[in-house]
Structure formats: C-alpha cells, structure tokens
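**Q** First the structure, then my questions, so here it is.
The values are calculated or read from the model by the stated rules, or taken from the named source; none is laboratory data. The structure presented is a predicted model; accordingly, all values stated were derived computationally and were not measured. Glycine also receives a Cβ, built like all others from the backbone with ideal geometry; neighbour counts cover every protein chain displayed.
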Amino acid sequence: MAVGQSFDDKVIRVIARLDIKGPNLVKGVLLEGLRVLGKPEDFARFYYENGADELFYQDVVASLYERNSLQEIVSATARKSFIPLTVGGGIRSINDIREALRAGADKVCINTAAIKHPDFIHEAASKFGSSTIVVAIEAIRQPDGLYHAFIDNGREMTGVEVVGWAKRVAALGAGEIVITSVDREGTGLGYDLGLTKMVAKAVDIPVIAHGGPGKKEHVGEVISLGEADAVAVASLIHYDFIANRQSNMQSRTEGNISYLQSGRTQFGRITPCSIKDIKNHLHDSHISCRP
Amino acid sequence: MKHRVVIIDYHLGNLFSVKQACEHLGCDVTISSSKDDLLEADYAILPGVGAFSDAMKNLHAFGLVDGIREYVATGKPLMGVCLGLQLMLSHSTEFGQTEGLDLIPGRVEKFDFSSRNDNVFKVPQIQWNTIAESRPWKDTPLQCCKSGDFMYFVHSYYVIPSDDADVLSQSSYGGLKYCSSILHRNIFATQFHPEKSGLYGVNIYAEWLKINSKS
C-alpha cells in the first residue's frame with residue numbers, strides 16, 4: 001500500500017471457505033484428492049463464533065451430481081449464524097439462485113454457468129441485485145505466463161483469459177469476484193500474489209483472494225502486496241479446528257475419515273492457525289479488520 | 001406478548017435473514033406485499049437489496065407506496081434496512097433522478113472514488129465497518145452499541161438527509177463521512193445489515209422492538 005495514505009476505513013474481510021461434498025466438509029490439493037474433514041455445520045458454527053466475517057460454502061461436486069444435501073447444510077447454518085453466507089456450486093439458473101437464497105444464502109457464487117453464458121451474470125444481477133452475485137474465477141497459469149479460467153472446479157479449461165474475463169464480469173454487474181489460484185490451492189505455498197493483484201487492479205468491485213495460504217503471514221501478504229479486498233481461508237483454519245478444537249464430531253461424519261483419525265497436527269506445508277491468529281497478525285501488520 | 005412484525009415484500013432482495021433475526025427474538029413474523037397486512041402490523045420492516053428505481057416501481061405496483069405512507073402516519077414503528085433506508089429519502093440520483101417514498105427529506109447518491117486513481121476503495125462497499133454516534137444513542141435502537149462497533153455493509157449508494165438531526169450514526173468509507181443510520185420520529189433505518197452483523201446486530205432489532213413497545 002502507498003505510504004502516507006490513510007486506509008483506516010478500508011476493512012479487510014476474512015472469509016471462512018468450506019468446500020462441501022455430499023454431507024461432508026472436504027479439502028483437496030489442486031482441487032483433486034479430496035479429504036473428508038468433518039461436518040461443515042460444526043466448522044461453520046465455530047468460525048461464526050470466533051471472528052469469521054463471512055461464511056462461504058462451495059459444493060465441489062455440484063456440477064456433476066445433485067446437491068440436496070447442500071440445501072440442508074445451508075439452512076442449518078443460516079438459522080444459527082448471523083453473518084453473510086455465500087453458496088456456490090452448480091448454480092445454473094435464476095431458479096437455482098432463488099432456491100439458494102430461500103435456503104438462507106445471502107449471496108450465490110457462479111462460475112461454470114457464467115463462463116458458458118456470460119449474460120446470466122447480468123440477468124442474475126438485475127434480478128437479485130449486484131451484491132447478491134459473486135463470480136468465481138478459477139485461474140491456472142499457462143506456459144506463456146497468462147492465466148486461463150477453468151470450470152468444474154479446475155477440471156475443464158475454457159481458453160478464457162482471466163484479467164479480461166474479470167473486467168467483463170464486473171461490467172456485467174457482478175458484485176464481487178473470488179479469484180482462485182488452482183495452482184496454489186491446498187499447497188500451502190501462499191496465495192498467487194501476482195494473479196490477485198492483476199485482477200484486483202483491473203476491476204472496481206471487491207476481489208476475494210483464494211487458494212494457497214500455508215501460514216498467517218501469507219494472508220497479510222495477499223492484502224498488502226496482492227491488494228486483495230478480502231481473503232478466503234480454508235486449510236489453515238480447518239486443520240487448526242481439527243488439531244486443537246474438534247470435539248466428537250467423527251461419530252457423525254460419513255465417508256473416509258482415516259485422515260482425521262491419524263491424530264496428526266502437521267499438515268504438510270500448512271501451519272494451522274485460527275481466524276483470531278490471522279486477525280491478530282493483520283492488526284500487527286496495520287491492516288484494518290474487525291476484531 | 002409476541003410482537004407482530006410485517007416484513008414488507010416487494011419482490012426485491014432476500015428477506016430470509018431479516019425474518020430469521022426477528023424469529024430469533026421471538027417475534028410473530030409475516031412476510032407480505034399486502035397493504036392491509038401492513039396496516040395491521042405492530043411493527044413493519046422495509047428491507048431490500050437491489051436497484052432503487054426497480055424497488056419504487058414494485059412498491060407502486062403493489063400499492064405499497066401509499067400503504068407505507070399511511071402506515072407511517074399511524075405513528076407505528078417502521079424500520080428500514082439497506083435499500084429500505086434509501087427508499088425513505090426524497091429521491092435518488094440513480095439513473096438520472098428517481099422519486100423515493102419521501103418520508104425523510106434528503107437524497108441518495110452513489111459512492112465515487114474515481115478521483116483517487118488508486119482503485120483501493122471498491123464500489124460496492126462490502127465490508128464490516130464502524131459506526132459512530134452523531135447524536136446520543138441513549139433511548140434509541142442503537143443504545144446497545146457504542147461508537148466503533150463493527151456492522152456489515154453492502155452498498156454502492158448512501159443517503160444524505162437534509163436535516164442533520166435525522167442522522168443517528170455516521171460511518172466513513174474512502175475518507176467520505178456519510179450517514180449510516182437515521183432516526184426520524186417513528187422511522188428508524190440503517191444502511192448496514194444488523195441481521196448480518198452477529199448477535200450485536202441482532203440486538204439492534206431487540207432494542208427497536210423494546211423501545212417501541214414501551215410507548
């Protein structure tokens with residue numbers, strides 16, 4: 001940030017991102033190899049009570065399968081938490097948006113449908129207000145240094161260049177963009193600062209950085225150097241919850257939980273920390289955020 | 001006694017979270033587009049997300065412009081949230097000029113930080129921001145808050161009431177100090193979303209109900 005300018009009234013949001021598959025919270029590396037971490041409602045509740053500025057549910061298989069369980073998770077969460085809740089995954093029509101909002105979402109996140117039919121962004125923003133419509137851009141760096149947008153959680157390439165797409169998304173009326181570095185997602189190597197900055201500079205709507213933080217310092221970095229308006233965190237806080245705060249939630253979790261039961265506290269390159277740890281770090285770095 | 005709250009539905013924006021907050025406080029909540037329901041309410045809330053001009057168009061179509069004016073004339077409490085606040089002003093500069101409900105003299109303008117040339121302050125403002133007392137909050141719905149408390153804001157436009165006495169709190173974005181809530185006779189309205197601002201925010205609804213049930 002420029003020296004000598006006051007940014008006191010710019011307040012960075014720390015958003016708890018929860019990837020959902022069926023009834024479970026999952027986490028993957030490079031959007032592959034999903035691990036079951038537990039019941040999303042338990043994690044969401046904890047984050048809500050411990051300083052999360054927003055909650056963000058992403059159904060990572062919704063484009064492929066049906067997603068009734070997500071509706072139930074959203075309703076259960078919305079009833080108990082009084083902070084904004086964004087829901088993404090498989091939102092393809094005005095009716096899908098209406099259903100998500102009716103279940104208790106405050107905003108919806110669109111990716112695949114936006115790229116396939118860009119006018120859908122405009123239609124959705126006109127119908128529900130720009131601030132309800134978040135567009136996700138999943139970026140993968142190409143050999144020529146440009147970033148291309150992918151869909152279906154990084155599975156399918158589109159050939160769409162990311163910065164141009166971000167500008168178009170903003171012009172079509174989206175209220176926010178969440179920019180995911182698929183290359184960094186789940187690696188712990190840190191956010192892609194260059195990618196985040198390019199997108200944040202290119203548009204005049206808020207940009208949420210997502211994918212890659214392995215320690216709290218990475219979160220500070222993507223704000224001060226990457227110029228992110230908000231940050232989404234997942235592995236960092238999920239592993240902290242599992243290692244330090246989890247109670248008896250395994251009993252209610254379906255699927256493969258051997259990873260959870262291994263009792264580990266080290267998670268590759270990732271040094272877990274809580275939302276409070278992150279916010280204390282931001283505060284020490286003179287970045288404004290809600291305590 | 002259960003408070004009978006009507007949330008005014010003019011088919012714009014999401015009413016779920018406001019309903020959720022009121023039900024959390026034990027209210028008997030009805031979501032309605034009907035003027036008759038509105039006039040029977042003990043408390044009415046005008047929420048809303050979206051465009052000012054669409055909102056006015058829908059309110060007219062449902063006969064709610066007159067309905068809301070009649071309701072306010074009874075002296076019963078009306079609360080506005082976000083676009084619901086903006087609609088109460090005389091007019092908005094969105095798309096030229098659009099007439100509002102004109103319950104509070106003043107206008108609605110869009111944030112414009114283009115002269116900064118640094119693209120730091122994005123529009124809409126989407127963030128938790130602080131509110132500050134611009135007149136004493138004692139015996140107002142904000143009496144549970146203190147200056148510096150964080151509330152959740154999502155908006156591109158802000159209100160400029162003609163009379164400073166209507167301004168209950170101020171907030172600041174991009175160095176611009178603006179009105180973030182108003183109290184004008186039986187009308188209370190916030191630019192921020194109390195129902196999305198944690199239990200601190202939900203408490204504002206509780207105070208609003210409590211203060212008005214006394215009178």
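**Q** Of the conditions (1) over 30 Å from B:Asn117 (Cα atoms); (2) over 12 Å from the mean Cα position of the chain (by Cα), B:Phe188 satisfies every one except a single condition; which number is it?
**A** Status for B:Phe188: all satisfied but (2).
**Q** Let me ask something else about it. With respect to B:Ser172, is the statement that it is out of contact with any strand residue (DSSP E or B) (no Cβ under 7 Å at 6 or more places or on another chain) and either at pLDDT 95 or above or in a strand (DSSP E or B) (or both) true?
**A** So B:Ser172 fits the description; yes.
**Q** Quick check on my filter: what residues within the range A:91-109 are of a type in the set (A, V, I, L, M, F, W, C) and in contact (Cβ under 8 Å) with a residue 60 or more places away in the chain?
**A** A:Cys109
**Q** Further question: Quick one: how many residues across the range A:227-245 are part of a loop (DSSP other than H, G, I, E, B) and more than 14 Å from chain B (Cβ to nearest Cβ)?
**A** 1
**Q** Which residue is surrounded by the most Cβ atoms within 10 Å (Cβ to Cβ), if the candidates are limited to the range A:196-225 and must be of a type in the set (Gly, Ala, Ser) and within 16 Å of the chain's Cα centre (by Cα)?
**A** Only one residue fits best here, namely A:Ala209.
**Q** State whether the residues of the range A:52-69 include one that is away from chain B (no Cβ under 11 Å), under 18 Å from the mean Cα position of the chain (by Cα) and polar (S, T, N, Q).
**A** Yes, the range A:52-69 contains at least one residue that is away from chain B (no Cβ under 11 Å), under 18 Å from the mean Cα position of the chain (by Cα) and polar (S, T, N, Q).
**Q** Identify all residues within the range A:192-226 that are part of a loop (DSSP other than H, G, I, E, B), over 18 Å from A:Tyr147 (Cα atoms) and either within 12 Å of chain B (Cβ to nearest Cβ) or out of contact with any Lys or Arg (no Cβ under 8 Å at 6 or more places or on another chain) (or both); write none if there are none.
**A** Within the range A:192-226, A:Asp204, A:Ile205, A:Pro206, A:Pro213, A:Lys215 qualify.
**Q** With respect to B:Ile8, is the statement that it is touching a Leu at 6+ places or on another chain (Cβ under 7 Å), β-branched (Val, Ile, Thr) and surrounded by fewer than 23 Cβ atoms within 10 Å (Cβ to Cβ) true?
**A** Criteria not met by B:Ile8.
**Q** Go through the residues of the range A:38-53 one by one and say whether even a single one is surrounded by 24 or more Cβ atoms within 10 Å (Cβ to Cβ), among the acidic types (Asp, Glu) and either at pLDDT 90 or above or not in a loop (DSSP other than H, G, I, E, B) (or both).
**A** Yes.
**Q** Here's another thing I want to ask about it. For B:Leu15, indicate whether it is surrounded by 24 or more Cβ atoms within 10 Å (Cβ to Cβ), of a type outside the set (Gly, Ala, Ser), within 24 Å of B:Tyr157 (Cα to Cα) and under 18 Å from the mean Cα position of the chain (by Cα).
**A** The answer is no for B:Leu15.
**Q** Criterion first (at pLDDT 95 or above and out of contact with any Ser or Thr (no Cβ under 8 Å at 6 or more places or on another chain)) does B:Val81 satisfy it?
**A** When the stated conditions are applied, B:Val81 does not pass them.
**Q** Here's something else I'd like to know. Quick test for you: out of B:Met88, B:Met79, B:Met56, pick the one residue that is of a type in the set (A, V, I, L, M, F, W, C) and surrounded by fewer than 23 Cβ atoms within 10 Å (Cβ to Cβ).
**A** B:Met56
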